[in-house]
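All of the numbers you see were taken from the coordinates with simple rules; none came from a lab. These numbers were taken from a predicted model, which means no experiment stands behind them. Neighbour counts are summed over all protein chains in view; Cβ atoms, including those assigned to glycine, are modelled from backbone coordinates with ideal geometry.
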Amino acid sequence: MRSRRLAFLTSLAACAGTLPAVGVALAQTFPADEDFAALECGDLPMTDLFRDEPGAIEDRDLVGLSGAAAGYHADDDEFLYLRLRLDRDPAPGGTPQNHAWGVEIDVNDDRRNYEILVMVDGVSRNVLLLENTTTTSPDDPTDPAETTVATYDFSTHGRATAAGETSFGDDGDFFLTFAVPWSDLTNLGLDRGDRLEVWAASSSTNNSLNGDFACHDGASGDPSLAGVRDGDSDGDGNSDADEVAGGTDPRDPDSYLILAGGAGCTAAGGASPVFASAFAVLVLMVGSAARRRRRR
């Protein structure tokens, strides 16, 4: 018998207004947990399945549920802060493991490439800001960035903390949080308040993402920058994010949602939302008080 679950989705197509600014923090002082806003895939918080990429497990495994997202952001006048939820501690005792984690940022509205890569490099124990100046593999999120623009010591610009609300694999999960100065991002064409799209993943190298991509099931084939709309791994017409939120299986085409539309407008208190359109493509309005959902 086909398993079905009724999911009530809130319609926000016409919603706009003034929301609280994201995060208030001093230099090298990270915002409080409640000041982080969830990144989104589609219209729901960024999710990712446990051990969906066999080659990227434990501290390289991005994980997340609708109520406990796989990725977050915050910002203040000096820094953009990015946060990933991982299955294991990526930096025991404050020392990063010999892996890498990062976020690619598109600033030219062309999702066949990206321009900025922010990485935590466990080998050098630095947070890296890189620029992708040449697209060697179009529409490929594993395309490497060529130029290292700046490096920041992980001890001041990164940290790993317990993510107490989830325990994928029956053990505690962790947040990896890292900060990048707006002064350096501005030099690469990204200003506070700009619209941007990002892709989040782990990696085995310090100049590209090649591991577990958020909102993408590793069993469904290679990811692409353009992505499959809303990440529908089992092809049943319901996005992975919707299925995780509704309690059905995103890998089983016989487990699906019946969607019922609703009206209204909601906003999370204390943090501003992030908006999205594809599997790991996240549309983000950073540092702006007035935010509006973008419909495709």
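For the pair Asp184 and Glu165, how long in nm is the line joining their label points, each one 7 Å along Cα→Cβ?
Label-label distance for Asp184 and Glu165, simple model: 3.0 nm.
Could you tell me, in Å, what Rg and Dmax come out for the Cα atoms of the range 108-227?
Every Cα atom of the range 108-227 included, Rg and Dmax give 15.1, 43 Å.
How far apart, in nm, are the 7 Å Cα→Cβ label points at Ser137 and Asp77?
Label-label distance for Ser137 and Asp77, simple model: 4.3 nm.
Thr29 to Ser124: FRET efficiency via 1/(1 + (r/R0)^6), r the Cβ-Cβ distance, R0 30 Å, to the nearest 0.05?
Rounded to the nearest 0.05, the efficiency is 0.80.
Can you list the residues, at least 5 places off or on another chain, whose amide H is less than 5 Å from the amide H of Gly64, using H built in the peptide plane?
For Gly64, whose amide H was placed from the backbone, the distant partners under 5 Å are Asp48.
Residue by residue, what Karplus-based ³J(HN,Hα) values in Hz, rounded to whole numbers, does the range 154-159 have, using 6.51, -1.76 and 1.60 with θ = phi - 60° and x for Gly and Pro?
The phi angles translate into 4, 5, 10, 10, x, 6 Hz.
Show me, for the range 51-64, the HN-Hα J-couplings you get by feeding each phi into the Karplus relation (A = 6.51, B = -1.76, C = 1.60, θ = phi - 60°), rounded to Hz, glycine and proline as x.
Working through the residues one at a time gives 6, 7, 10, x, x, 9, 10, 6, 6, 9, 9, 6, 9, x Hz.
Under a plain spin-label model, where a point goes 7 Å from the Cα along Cα-to-Cβ, how far apart in nm are Glu58 and Thr95?
1.5 nm
Would you kindly work out the equivalent ellipsoid of the range 136-195 from its C-alpha gyration tensor and give its semi-axes, the square roots of five times the eigenvalues, largest first in whole Å?
Calculated on Cα positions only, the semi-axes equal 29, 19, 13 Å.
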